[in-house]
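Just below is one structure, and these are the notes that go with it.
The values are calculated or read from the model by the stated rules, or taken from the named source; none is laboratory data. For clarity, every value in this text was computed on a predicted model and none was experimentally measured. So basically every Cβ, Gly included, is an ideal-geometry build from the backbone, and we count neighbours across all protein chains shown.
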């Protein structure tokens, strides 16, 4: 069996979807599957880059149907049994190329989340005036929703990363996707001494430190967390993934640190020195950041009705709160100031991380492959 693990974004050992492609692909290789990898760009020489010409000034074309022609040119002289496309937008390229070239490969669409669901949350935030209208965001989401619909209509079968995404796929597109949860390998992370890292970064051993990790302030609920922390003056916040945000700085003077983007190695220092992770995302397909935090024994706070529920069990290794509820966020943060509770949740978090296994996910995927090509 020859499989192409396919993602139209950038290759990265640290970014979410790319990491899933690499980890799941490796687990399948260990089961004897011949796996090739195609990314949009930046992949090493042993892999394929089919959208490299669109990197840089032409990046805006990355979200147009033109990408399907690049994929068709890439795959025209190759033979695969399965093209496993990660995200429906990537699958758009695979289904168009199959039509143009009359290829017979089967297409599996791996749903990491749905832009239609993100669009619904964005509209709610606009109505609440929690974020400002962006024409770029609007056009991107609308174009992506169209490409998603088209790809889903023409693909062969579907996998998804959580029960939440499975429910959304049924609601928006009427499809039944098989849940193949993401996983995490805690051995990949280097642990640092908590007190030493705090001293190095200018924090005290006794500080109550809340960690937030994300690349979108509105989607990952940063404003709601900021409001909750206003009511907890003893807490300090570290924001990873964003540069300085004026609103948060104004509300939490002298209590917030912005690190900007961090690679995976540097991020481990902040996992090591934090007390809890709080990312109250309005939408989360799965949330690898929660799984990573569990490797470090960090109790987590996230929102109900998101993929975070695959990892966080309310009252076991963290708390789940209602979306947009500053009150519930404050209550959960207040509870986790208790060292004894944090210690119990920390043990449970590490147990939860051990349950997330790429080998089991690969077994599910291999069964789907076999059914498709039998």
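Please give the strands (runs of 3 or more DSSP E) falling wholly within segment 182-295 in which 2 or more residues are in the same structural domain as residue 324 (by TED's automatic domain parsing) and within 17 Å of residue 337 (Cα to Cα). Before you say what the answer is, go through the steps one by one.
Details: elements: 208-213, 235-240, 256-260, 276-278.
By residue number, 208-213, 235-240, 276-278.
Test residue 159 against the criterion of being touching a helix residue (DSSP H, G or I) at 6+ places or on another chain (Cβ under 9 Å) and modelled with pLDDT of 95 or more, and give yes or no.
Judged against the criteria, residue 159 is a match.
So for segment 127-136 (the condition being at positive phi and without any contact (Cβ under 8 Å) to a residue 40 or more places away in the chain), does at least one residue qualify?
Checked segment 127-136: at least one residue is at positive phi and without any contact (Cβ under 8 Å) to a residue 40 or more places away in the chain.
Yes/no matrix, rows are residues, columns are (1) outside the structural domain of residue 308 (by TED's automatic domain parsing); (2) modelled with pLDDT of 95 or more; (3) assigned to a helix (DSSP H, G or I); (4) out of contact with any strand residue (DSSP E or B) (no Cβ under 8 Å at 6 or more places or on another chain):
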| site | (1), (2), (3), (4) |
| --- | --- |
| 98 | yes, yes, yes, no |
| 110 | yes, yes, no, no |
| 148 | yes, no, yes, yes |
| 169 | yes, yes, yes, no |
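Residues that are assigned by TED's automatic domain parsing to the domain that holds residue 23 and part of a helix (DSSP H, G or I): does segment 172-181 have at least one?
Yes, the conditions are met somewhere in segment 172-181.
Name the residue that is farthest from the chain's Cα centre (by Cα), counting only residues in segment 38-47 that are closer than 17 Å to residue 93 by Cα and buried (at least 20 other Cβ atoms within 10 Å of the Cβ).
If we take residues in segment 38-47 being closer than 17 Å to residue 93 by Cα and buried (at least 20 other Cβ atoms within 10 Å of the Cβ), then 38 is farthest from the chain's Cα centre (by Cα).
Give the residues of segment 49-93 that are assigned to a strand (DSSP E or B) and surrounded by fewer than 21 Cβ atoms within 10 Å (Cβ to Cβ), sorted by residue number. It would help to see each step written out before you state the result.
Our first condition is that a residue be assigned to a strand (DSSP E or B); within segment 49-93, this holds for 49, 82-86.
Within segment 49-93, 49 is the sole residue that qualifies.
Taking into account only those residues within segment 318-369 that are without any contact (Cβ under 8 Å) to a residue 24 or more places away in the chain and over 29 Å from residue 219 (Cα atoms), which is surrounded by the fewest Cβ atoms within 10 Å (Cβ to Cβ)?
340
Where the second residue is surrounded by 15 or more Cβ atoms within 10 Å (Cβ to Cβ) and part of a helix (DSSP H, G or I) and the first is in contact (Cβ under 8 Å) with a residue 60 or more places away in the chain and lies in segment 235-262, which pairs have Cβ atoms under 8 Å and are six or more apart or on separate chains?
Going by the 8 Å Cβ cut-off, the qualifying pairs are 235/229; 235/333.
Provide a single number: the residues in segment 299-317 that are surrounded by 22 or more Cβ atoms within 10 Å (Cβ to Cβ) and either assigned to a strand (DSSP E or B) or without any contact (Cβ under 8 Å) to a residue 60 or more places away in the chain (or both). Step through it out loud before you land on a result.
Step one: filter segment 299-317 for residues surrounded by 22 or more Cβ atoms within 10 Å (Cβ to Cβ), giving 299-303, 306-308, 310-312, 317.
This time we only want the ones that are either assigned to a strand (DSSP E or B) or without any contact (Cβ under 8 Å) to a residue 60 or more places away in the chain (or both), so: 299-303, 308, 311-312, 317.
Qualifying residue count, segment 299-317: 9.
If you check residue 362 against the conditions, is it in the same structural domain as residue 238 (by TED's automatic domain parsing), part of a helix (DSSP H, G or I) and either within 30 Å of residue 85 (Cα to Cα) or at pLDDT 95 or above (or both)?
no
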